[in-house]
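The values are calculated or read from the model by the stated rules, or taken from the named source; none is laboratory data. Just so it is clear, the model here is predicted, and its values are computed rather than measured. Cβ coordinates were reconstructed from backbone atoms using ideal geometry, including for glycine residues, and neighbour counts include every protein chain displayed. Only protein heavy atoms, including side chains, enter the accessible area calculation; ligands, DNA and RNA are left aside. Shrake-Rupley method; radii C 1.70, N 1.55, O 1.52, S 1.80 Å.
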Number of protein chains: 2
Amino acid sequence: MADSVPSGTPDPSRAPDSSRAPDSSRRSERSRRAIHDAALALVGEVGYAKTTVEAIAARAGVGKQTIYRWWPSRAAVLLDAFLDLTERAAQVAEDGAGATGIPDTGDLEADLKRVLRGTVDELNDPAFEAPSRALAAEGIVDPALGAEFVRRLLEPQLQLYVDRLRAAQAAGGTGGDQAAGVRPDLDPRIALELLVGPLAHRWLLRTAPLTHAYADTIVDYALYGLAPRP
Amino acid sequence: MADSVPSGTPDPSRAPDSSRAPDSSRRSERSRRAIHDAALALVGEVGYAKTTVEAIAARAGVGKQTIYRWWPSRAAVLLDAFLDLTERAAQVAEDGAGATGIPDTGDLEADLKRVLRGTVDELNDPAFEAPSRALAAEGIVDPALGAEFVRRLLEPQLQLYVDRLRAAQAAGGTGGDQAAGVRPDLDPRIALELLVGPLAHRWLLRTAPLTHAYADTIVDYALYGLAPRP
């Protein structure tokens, strides 16, 4: 049976207590999903402050102890729920092709615009907005939760940019398109922040609308710089 | 008397009820400052959730009604307190010279590095960190407060970058240093986000340390682009 499970199905082994209850993994998986859905729905409807473990348990139809057996806090529930949501969305976006990471068509500018446009769509998606904002806001004032959010969710995503920028540096060095490449002396881990930083800033602080045109402009400005090219 | 008040003294007219109580403006000013200090101290010590109007009033030695007469909510108190703190810090930083805005020495790269290093210092200053994080976090989940934060605090600061980048565009067009200038076709309101976005992203999400070296690198990458220069 396990081999026929589609890749879109969450892995029950991610539930922290699956090792304790190997015989009830399907029921555990149902409960885990119900708890995730309840946490995401609640935070969107009533905000983080009122998304208590009690409220999540009541909405999911489980006992508080079920939640506390698996997670140490509501923040941990919400982070897992959000990671689950993100994984499911990524699988849908992949159309079953199984590809991960940033595409490498050999055209860095086009690849980055495609990815940043996708990020804009995700940030503007109501299903993501409430839990994303709730988690980001909590992480900003709670260093432990923020570190967990960065370690488990953000940094793996940023690493995809590092990989793509490194590939562009390597291609540039072996005869690739210099104009759309990356200077070999740049640190890709810093360079990516010129791409994701502006989007995050605009989205988090709502300074102006997040659009595809904005994403394209950020890629253009970041790749070719603000200073005139000689 | 008003003329001899040093520029570092906050303007009592900023207290919302000063028009109602012209005879008690000095006492009002003392109360207002005590309320600001209490709000900033509390949010740093116990976090935003516990920084209630009751707690601020108790710490400031005023009645709750005094606060509600002047401000509609604790968020409004904290925003005013933070604006006051920012103005006082800016006045100290100016050394009484009265200068505002981003310096224009004719060397855009040096001017931007100076300003971004100053921003790094401010973001790393414990006096700013707690209230800044509390306000940013609340603004992320509360659109009305976020809009107020952006309108009163952030956008005026961003406008200083617009002014400096426009000056660089104008100087470039009249024989200025092209290498450290700004392309004439760029939108300065978007271009500035490549400078402030990465710093805000790194600070808000604590992905990595905020240092002067980082600020310098962001300016270099933003001005000269990630792609190789032909």
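Only residues that are touching a residue at least 24 places away in the same chain (Cβ under 8 Å) and outside any helix (DSSP H, G or I): list them for the stretch A:53-72, please. Correct list: A:GLY61, A:VAL62, A:TRP71.
Determine, yes or no, whether B:LEU165 is at pLDDT below 95 and buried (at least 18 other Cβ atoms within 10 Å of the Cβ). No, not satisfied. B:ASP216 satisfies every condition listed in (1) among the charged types (D, E, K, R); (2) touching a Lys or Arg at 6+ places or on another chain (Cβ under 6 Å); (3) facing another protein chain (nearest Cβ under 7 Å) except (3).
Listed by first and then second residue, the pairs linking a residue in the stretch B:97-121 that is open to solvent by 50 Å² or more (accessible area, probe 1.4 Å) to a residue that is modelled with pLDDT of 90 or more and of a type in the set (A, V, I, L, M, F, W, C), with Cβ atoms under 6 Å apart and 6 or more places separating them unless they lie on different chains, are B:ASP104/B:ALA167; B:ARG117/B:ALA215.
Answer yes if at least one residue in the stretch B:174-184 is facing chain A (nearest Cβ under 7 Å), aliphatic (A, V, I, L, M) and surrounded by fewer than 21 Cβ atoms within 10 Å (Cβ to Cβ), and no otherwise. Within the stretch B:174-184, one or more residues are facing chain A (nearest Cβ under 7 Å), aliphatic (A, V, I, L, M) and surrounded by fewer than 21 Cβ atoms within 10 Å (Cβ to Cβ).
For B:ASP80, the conditions (1) free of Cβ contacts under 8 Å to residues at least 60 places away in the same chain; (2) open to solvent by less than 70 Å² (accessible area, probe 1.4 Å); (3) over 24 Å from A:GLU138 (Cβ atoms); (4) assigned to a helix (DSSP H, G or I) are fulfilled apart from (1).
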